[in-house]
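A short worksheet on the structure shown next.
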Amino acid sequence: MFSEFFTWLNQQPQGTASFLGTLAGSTLGFIALLLGAMFNAHLNRKRDDRLRDQNRTSLATALYAELKQFRDDWIADIEILKQPGSGLASVLIRTPKARLFPELVTEIGLLPPDAIRAVSNAYGVIDQWEHDLLLLDHAYKKADGVEVQSRHAGFLVKYHTIKAQAIEDALNHLAPLMK
């Protein structure tokens, strides 16, 4: 087959051989260029995936830390409220302040849908928390929390326990994303 091609090529004028050589060289160059572009695109996708994973891990870690602090504070409040007969007429319940979530909400799409739902629910509970406590009779807003009467301790223990569960759910969804 190759011998027939070379025989045919020898019978052609010199310009035809030059044209075929140029055509073959440019075709091979174009194929090499395409392969290089495809490999570069592959490397870029790998880098982008790695950066997206790092951003997801950072986001999950930051939200986890903030939510864990809220949960730990609520658990500490529960323990204080469970202590019998402290003799206090009122108790100051600290108000949680979400600082990271408002800054990171634009990045929330990096998380899986179930984690987004759990985190949004937890922050919804946190946002509603102070309003709910102020609905109690003789509850007063203070600079760093809500002052409620000690007679509401039993209700507050149940309330904090239920609300802390929403935060626990978000923590359980974020923990596997931290790697």
Problem set entry | Filter result for the condition that a residue is loosely packed, with under 11 Cβ neighbours inside 10 Å and among the hydrophobic types (A, V, I, L, M, F, W, C), over LEU111, LEU81, LEU135, LEU156 | LEU135
For this session: For VAL119, indicate whether it is touching a helix residue (DSSP H, G or I) at 6+ places or on another chain (Cβ under 9 Å), in contact (Cβ under 8 Å) with a residue 40 or more places away in the chain and farther than 15 Å from THR61 by Cα.
Result: no
Exercise. Restricting attention to region 93-108, and to residues there that are out of contact with any Gly (no Cβ under 6 Å at 6 or more places or on another chain) and in contact (Cβ under 8 Å) with a residue 40 or more places away in the chain, which single residue is surrounded by the most Cβ atoms within 10 Å (Cβ to Cβ)?
Worked result: LEU104
Exercise. In this structure, is THR16 surrounded by 11 or more Cβ atoms within 10 Å (Cβ to Cβ) and in contact (Cβ under 8 Å) with a residue 24 or more places away in the chain?
Worked result: no
Problem set entry | Among (1) in contact (Cβ under 8 Å) with a residue 60 or more places away in the chain; (2) aromatic (Phe, Trp, Tyr); (3) surrounded by fewer than 11 Cβ atoms within 10 Å (Cβ to Cβ) - the single one PHE39 does not satisfy | (1)
Exercise. Open to solvent by less than 80 Å² (accessible area, probe 1.4 Å), within 30 Å of PRO176 (Cβ to Cβ) and touching a helix residue (DSSP H, G or I) at 6+ places or on another chain (Cβ under 9 Å), is that true of SER90?
Worked result: no
Exercise. Is one or more of the residues making up region 162-179 assigned to a loop (DSSP other than H, G, I, E, B), over 16 Å from ILE75 (Cβ atoms) and of a type in the set (Lys, Arg)?
Worked result: yes
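The values are calculated or read from the model by the stated rules, or taken from the named source; none is laboratory data. If you're wondering where the values come from, they're calculated on a predicted model, not measured in any experiment. Virtual Cβ from ideal backbone geometry, glycine too; neighbours counted across all protein chains shown. Quick note on the areas: whole protein, heavy atoms, side chains included, nothing else; ligands and nucleic acids left out. Shrake-Rupley method; radii C 1.70, N 1.55, O 1.52, S 1.80 Å.
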